[in-house]
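Heads up, the thing below is written out as structure tokens.
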Amino acid sequence: MKIGIIGSGMVGRAFALRLAELGHSVVVGTRDVFSTLSRTEPDSKGIPAWQFWAKEYPEVSLVTFSEAARFADVVINATEGAVSLLALNEAGDENLTGKIILDLALPLSYAPGRPPRLMFANDDSLGEQIQCAFPAAQVVKTLNTMSHNVMLNPSILPGSHNAFLSGESDEAKETIVGLLTQFGWPADNIVDLGGIETSRATEMYATLLFQIAKVRGNYDFNIAVVMK
């Protein structure tokens, strides 16, 4: 499958490597290729500049947002949620038409001395906003309730735990379930919550996610739905 990743940070890079390992054709999109390639300092989260990372992983190509979207059958939104719509707009409506958008992002704001906070909740979600902005694409919200390490390798946690899907297209969700099973998610552990409106629920879990991480000191955990 041809996959274009929007976002060249830690999560985008991790997805690129895992998907390439699984045999997919992958490119990573950035706003300005020259600028990204020219950086020498780590980003605000301490992620090494692309040029140094790329020396270890030359199989991953860096392109513009629009080139990544044009190339792909599935577009993965791995940007920070606060800028996701801007990045996808740069990718171009014409390049996203008919494509599946796998949305991982959380719409967060940051301030010193406090955990990240959702920019909006209850009556809206980033998943819905993306679907509204690109009605000819099929948005599937998933994997936004865990760290990227768990997203891509669920077996690092013991026992049975769950991933969730939200989206309007059953066919698109079926395609994403196929990807998730390649990552190692058992199909029975993938819970289809319904339409894209249900992404409000998984996005609002972020508050509990960050609090648990603060208490535990890491993100090595996930949700397990226990049923009788």
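The values are calculated or read from the model by the stated rules, or taken from the named source; none is laboratory data. As the structure is a prediction and not an experimental result, all values here were calculated from the model. Here the Cβ is made from the backbone with ideal geometry for all residues, glycine too, and neighbour counts use every protein chain on show.
Test of understanding: among Ile212, Ile176, which residue is part of a helix (DSSP H, G or I), at pLDDT 95 or above and touching a strand residue (DSSP E or B) at 6+ places or on another chain (Cβ under 7 Å)? Lay out the reasoning, then the answer.
Numbers: Ile212 fails: touching a strand residue (DSSP E or B) at 6+ places or on another chain (Cβ under 7 Å).
When all the criteria are applied, what remains is Ile176.
Per-residue answers, yes or no, for (1) among the hydrophobic types (A, V, I, L, M, F, W, C); (2) under 15 Å from Asn77 (Cβ atoms); (3) surrounded by fewer than 18 Cβ atoms within 10 Å (Cβ to Cβ):
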position: Phe120; (1), (2), (3): yes, no, yes
position: Pro135; (1), (2), (3): no, no, yes
position: Trp185; (1), (2), (3): yes, no, no
position: Leu208; (1), (2), (3): yes, no, yes
position: Ile212; (1), (2), (3): yes, no, yes
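Collect the residues in segment 73-102 that are within 15 Å of the chain's Cα centre (by Cα) and closer than 17 Å to Val26 by Cα, keeping them in residue-number order.
Val74, Val75, Ile76, Asn77, Ala78, Thr79, Ile100, Ile101, Leu102
Does Asp192 meet the test of being surrounded by fewer than 18 Cβ atoms within 10 Å (Cβ to Cβ) and in contact with a Lys or Arg (Cβ under 7 Å, 6 or more places away or on another chain)? Working first, answer last.
Numbers: surrounded by fewer than 18 Cβ atoms within 10 Å (Cβ to Cβ): yes; in contact with a Lys or Arg (Cβ under 7 Å, 6 or more places away or on another chain): yes.
Here the answer is yes, as Asp192 does meet what is asked.
Of the residues that make up segment 164-173, is at least one assigned to a helix (DSSP H, G or I) and more than 18 Å from Ala72 (Cβ to Cβ)? Give the steps one after another, and end with the answer.
Of the residues in segment 164-173, the ones assigned to a helix (DSSP H, G or I) are 170-173.
Right, trim to more than 18 Å from Ala72 (Cβ to Cβ) and you get 170.
Within segment 164-173 (the criterion being assigned to a helix (DSSP H, G or I) and more than 18 Å from Ala72 (Cβ to Cβ)), the answer is yes, since at least one residue qualifies.
So in segment 89-112, with the set limited to residues that are polar (S, T, N, Q) and part of a helix (DSSP H, G or I), which one is surrounded by the fewest Cβ atoms within 10 Å (Cβ to Cβ)? Give the derivation first.
At the first step, the residues of segment 89-112 found to be polar (S, T, N, Q) are 89, 95, 97, 109.
Those still in the list that are part of a helix (DSSP H, G or I) too: 89, 95.
Values: Asn89: 13, Asn95: 22.
Among those that are polar (S, T, N, Q) and part of a helix (DSSP H, G or I), it is Asn89.
Kindly evaluate Val139 against the criterion of being of a type outside the set (Asp, Glu), farther than 30 Å from Glu94 by Cα, in contact with a helix residue (DSSP H, G or I) (Cβ under 7 Å, 6 or more places away or on another chain) and surrounded by 17 or more Cβ atoms within 10 Å (Cβ to Cβ). Lay out the reasoning, then the answer.
Values: of a type outside the set (Asp, Glu): yes; farther than 30 Å from Glu94 by Cα: no; in contact with a helix residue (DSSP H, G or I) (Cβ under 7 Å, 6 or more places away or on another chain): yes; surrounded by 17 or more Cβ atoms within 10 Å (Cβ to Cβ): yes.
No; evaluated as a whole, the condition is false for this residue.
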